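One structure below.
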Amino acid sequence: MSSSSNRIATYEDFVKVHGLLLAASGLPQSLHRQLFQKLTTDSFDGGAHFQIQLCEEGRQRRLLLTSDSMPKHSNVFLVDHAWTFRFSDAYKQLQEVPGLAQRMASLMCVDVEFNSDSEETDLVNGVSHENGIKSNVEDVLESEIRNATGKGDGSVKWLELEELDIDDDMLLSLSLSSKFLGLQALSLCGNKLENVDIVVQEVTKFKNLRALWLNNNPVLKKSDHHMEDAILQGCPRLEIYNSRFTRNFGEWAFGFCGDVYGKDNPSSLHQSDHPLQSVTSLDLSDRCIHNLVNKAFSPVAMPTLSHLNIRGNPLEQNSVNELLEVLKAFPCLHSLEVDIPGPLGVSAIEILESIPTLSILNGVSAAKIMEDGKHVIDSMLQPRLPACSAEQPLADRVLGAMWLYLMTYRLADEEKIDETSVWYVMDELGSALRHSDEPNFRVAPFLFMPEGNLASAVSFSILWPIQNVQKGDECTRDFLFGIGEDKQRSARLTAWFHTPENYFIQEYEKHCKKLHVKASTYLHTESSSIKSLYHGDGCVLRVCTDIPQVEEFLTRPEFVVTTEPKDADIIWTSFQVDEEMKKATGITDQQYVNQFPYESCLVMKHHLAETVQKAHGSPEWLQSTYNLETHLSQFIGDYHVRKRDGLDNLWILKPWNMARTIDTTVIDDLSAIIRLMETGPKICQKYIEHPALFQGRKFDLRYIVLVRSVDPLEIFLSDVFWVRLANNPYSLDKHSFFEYETHFTVMNYGRRMNHMNTPEFVKKFEQEHQVKWLEIHQRVKKMIRSVFESAAAVHPEMHSPKSRAMYGVDVMLDSYFQPKLLEVTYCPDCTRACKYDTEALASGEIVKGRDFYNYIFGCLFLNETTHVSPL
């Protein structure tokens, strides 16, 4: 680069500035010069080689190659970023940036217009809608009779009266049984039937009925198993009810699923031949089958069956071995689709070994499964498509769909790494690239710095072929490039695809069983053998600290502050005292330090949850918590179970080891939770959606815990604690999750902070909620004791006679005023404790802020208990 300007002018300059970025991108060196040329000429030439095509009924796009061919590593293309943002700014930008919501909605295929039902009365040939319903139904009936007469004896055996606005009165007036006595299949889907008794009365008049569909009628919401039982008793031949197999299922049900029976061939009542012998493919998925052992399901009845789908059936009345024996008997069975784990066990390999005729299992060749050693496989994953409605504003539709398209990076320079990640959406061409486990293209983000510095950086993505591609081929990329099963690849695909829910639910249930058997054993405190460090002989205790408040407010004559670590009796620091630090500063094992070995089991969020779960299982004071790096499958199972049971699915994601709610997100979208793993290791914890509020706002409490010893466990709670208040009224409106000051309480780092004195808060809280704070305080103390007991029981190696430490414990109350543990903090910021005088709740004594560290050091090093209480 010339001395007069830092602007990149030559390829050599480009490589010099971007060398690390080029290496990180994975772009072959043979394409570096071509990339430089396209970046410096702003050349976006992808349109000459690719075509974007709608698919999935217009709800997704794909990218096709229009060039005659494109060899591997032959070209590189620039892909622009259509939207770049920080997550917290997403909703605001969609609302305020002109045209952004419209472009994103179009790119994500959620800009379609929905047909809304008109409330106006339809007029057809001058006949009102209300008067025309019955005439429309009668037209259908007459047409069915004419068709049946033209084909034979005039007997209608299959009748479909769907979405004709038939209500209970009309069903009675139609008197269907008098016209169609030999009916075998009746569909009344999508009508307005509501009365259970009327529906049962009318349908049970058809004694030869084999299939009945009442789906999407209001009566199903009001009915229970009694309605189904009454219909089955009145229709003894019924084999299919509302798309599910009944306990009477047999030849007719199999024939329907095997395309033997249908409207054009409903079967004879007196079938004499073997109608299922021609069945080669049988789809029994989602039929609610409990027992597959049936005389009609046999190689004698279906000797040529080669493809079978039994996904989505409980089959709990059959053992794994029983089912495998049944399936093994089919001599031509080459392809099978089944949930794994599921009714055939937990291993794809064991299924293949048990049914040697299989060449394809869940769409994957048996040879590939055996070669890869995969136990859980499913290549027939259906893509997650954006779910939206006509009532949703465009911004909301985009927020729901964007996790299927987003990519991320985090900026860094020589001095620091950015605390929050950048998310971006590639332009229309880049966003049309769909996923493949065997992709033919690769994409990587790239920062071009035309002035040679980060300030001038412009972000792009670069796209290049990694296989030989032919004209008309779909161009794909691996959404999880570089992520294998060791990093939960299959589970992470759930962000983009409908993966087998049954597998994850089973993993969750196994996890729950493990937690359930944990014993809640509490440790007993022995009499303290810890002695005061101060001997009263005039020799003061020297304290070396890097914390300004300790330097300023530790004024007791027993202590003196020194700047030399090697000369100190006590090291009180905010940094980790490891072997490297000891070597650099001269600290020895004979000095006291304000940290315990292995205290990460408390102060790192994923270890804290693991420690508590190992000791206590799943106590009420710990919200369901998952380390997403190790327990993503169990979390997904929990999410599915909550969704199935109609429970809320609001979760909070927290980085393992970040403070001040940095990179913390409240969200209820499963795809989003999985994608947010890309910004760093996190725990996912069930959000306390109904917390106790103070004057309509959320709050949490910071307690100060002093640990003199781990074995025996000797801990104290400071009389000084404080409340942290959110600035905005609490809300569960989904847009409020983007508002930091609604859902978070840490405001003392550049935000407006509303300080409230603790006694004033307690008094007003008691008045607002008509509770006694001392009762709440007792529950908090018991919980905090249990937390530290967990650490002492699970990690006895924490004990060190040369350790004394102070921890911050953050607590929230739920709407029943029960405490919930949020986190434990090492060497907490006690600026507020030093700044404000307060009143001890139990004794009523005034605690001077300037004496806070005098009390803390008095407890830890002089064995005093002034303004602290033992736990």
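The values are calculated or read from the model by the stated rules, or taken from the named source; none is laboratory data. Please read all numbers here as calculations on a predicted model, not as lab measurements. Note that each Cβ is placed from the backbone with ideal geometry, even for glycine, and that neighbours are counted across all protein chains shown. To get the accessible areas, we keep the full protein, side chains included, count just its heavy atoms, and leave off ligands, DNA and RNA. Shrake-Rupley method; radii C 1.70, N 1.55, O 1.52, S 1.80 Å.
Here are some notes:
- Straight-distance candidates among the lysines for linking to K566, with alpha-carbon spacing under 25 Å and chain neighbours fewer than 8 residues away dropped: K531, K582, K583, K802.
- In this structure, the residue pairs whose Cα-Cα separation is over 31 Å, taken from K686/K764; K205/K295; K222/K510; K643/K781; K513/K772; K510/K654, are K222/K510; K643/K781; K513/K772.
- The modelled label-to-label distance between L411 and L774, using points 7 Å beyond Cα along the C-beta direction, is 5.5 nm.
- In the range 455-523, taking the dipole from charged Cβ atoms about the Cα centre, the farthest positive-side position among L480, A495, Q506 is held by Q506.
- Each of F857, H516, H225 was scored by the projection of its Cα onto the charge dipole of the chain, and the greatest displacement toward the positive side belongs to F857; charges sit on the C-beta of Lys, Arg, Asp and Glu.
- Within the shell defined by Cβ-Cβ distances under 15 Å, the residues around F44 carry a net charge of -4, with Lys and Arg each +1 and Asp and Glu each -1.
- Our coupling estimate for the range 572-581, obtained by passing each phi through the Karplus curve with A = 6.51, B = -1.76, C = 1.60 and θ = phi - 60°, is 10, 9, 8, 9, 6, 8, 10, 4, 5, 5 Hz, Gly and Pro reported as x.
- Couplings 3J(HN,Hα) of the range 502-512, computed from phi: 4, 4, 5, 5, 5, 4, 5, 5, 5, 4, 5 Hz, in residue order, whole Hz [Karplus 6.51 cos²θ - 1.76 cosθ + 1.60, θ = phi - 60°; x for Gly and Pro].
- Debye intensity ratio I(q)/I(0), log10, the range 243-373, q values 0.10, 0.17 Å⁻¹ (C-alpha model): -0.31, -0.88
- Percent carbon-and-sulfur accessible area, the range 203-290, ignoring ligands, DNA and RNA, probe 1.4 Å: 44
- Against the main long axis of the alpha-carbon atoms of the chain, helix 852-862 sits at an angle near 80°.
- Counting only Cβ charges, +1 for Lys and Arg and -1 for Asp and Glu, the dipole size of the chain around its Cα centre is about 1380 debye.
- Taking label positions 7 Å along the Cα-Cβ direction at both R247 and H799, the computed distance is 6.2 nm, reported to one decimal.
- Cα point-scatterer Debye curve for the range 777-817, base-10 log of I(q)/I(0) at q = 0.14 Å⁻¹: -0.43
- A simple spin-label model places pseudo-atoms 7 Å from Cα toward Cβ; at T563 and Q467 they are separated by 6.6 nm.
- Once exposed loop chymotrypsin sites (Phe, Trp or Tyr not before Pro) are cut out (DSSP; at most 10 other Cβ, 10 Å), longest piece of the chain: 115-815
- Both radii come from the Cα set of the chain: Rg as radius of gyration, Rh as Kirkwood radius; their ratio Rg/Rh reads 1.04.
- With a Förster radius of 25 Å applied to the beta-carbon distance between N294 and A387, the computed FRET efficiency rounds to 0.10.
- Charge dipole (Cα centre; +1 on Lys/Arg Cβ, -1 on Asp/Glu Cβ; no other charges) of the range 543-680 amounts to roughly 480 debye.
- Protein-only accessible surface order, largest first, of D111, D68, D814 at 1.4 Å: D68, D111, D814
- Measure of compaction for the range 141-184 (Cα Rg per 2.2 N^0.38 Å): 1.20
- When all protein chains stay in place and ligands, DNA and RNA are ignored, the 1.4 Å accessible-area order of T630, T573, T66, largest first, is T630, T66, T573.
- Across the range 211-227, computed HN-Hα scalar couplings (Karplus, 6.51 cos²θ - 1.76 cosθ + 1.60, θ = phi - 60°) run 9, 9, 10, 10, 3, 6, 10, x, 4, 5, 6, 8, 8, 10, 5, 5, 5 Hz from first to last residue, x flagging Gly and Pro.
- Accessible area of H49 in the full protein assembly, 1.4 Å probe (Å², nearest 10): 40
- Largest to smallest principal axis extent of the C-alpha atoms in the range 152-210, angstrom: 34, 21, 20
- The calculated FRET efficiency for S869 paired with Q95, based on their beta-carbon distance and R0 = 56 Å, is about 0.65.
- Theoretical gain in end-to-end length, D486 to T664 [0.36 nm per residue, Cα-Cα removed]: 61.6 nm
- Rg(Cα) / (2.2 N^0.38 Å) computed for the range 563-613, rounded to two decimals: 1.35
- Per residue, the accessible area of the range 764-871 comes to 40 Å², computed with a 1.4 Å probe over protein heavy atoms only.
- Solvent-accessible heavy-atom area per residue, rounded to whole Å², over the range 331-474 at 1.4 Å: 43
- Principal-axis analysis of the Cα atoms of the chain puts helix 773-794 at an angle of about 90° to the longest axis.
- Here the range 323-390 is treated as an ellipsoid with the same Cα gyration tensor; its semi-axes, largest first and in whole Å, are 27, 14, 11.
- Ordered from highest to lowest accessible area with the whole protein assembly present and a 1.4 Å probe, V517, V641 read as V517, V641.
- Magnitude of the charge dipole, the range 214-290, Cβ model with Lys/Arg +1 and Asp/Glu -1, debye to 20: 280
- Candidates per GluC sites (Glu not before Pro) in the range 1-110, loop by DSSP, up to 16 other Cβ within 10 Å: E56, E57
- Sites T41 and D437 - FRET efficiency at Förster radius 30 Å, r taken between beta-carbons, to 0.05: 0.30
- Dividing the C-alpha radius of gyration of the range 187-296 by 2.2 N^0.38 Å, with N its residue count, gives 1.10.
- When you filter the trypsin sites (Lys or Arg not before Pro) in the range 305-376 for DSSP loop state and at most 11 other Cβ atoms inside 10 Å of their Cβ, nothing is left.
- Coordinate range along principal axes, alpha carbons of the range 454-496, Å, largest first: 38, 36, 17
- Per DSSP, loop trypsin sites (Lys or Arg not before Pro) in the range 56-98 with at most 16 further Cβ within 10 Å: K72, R86
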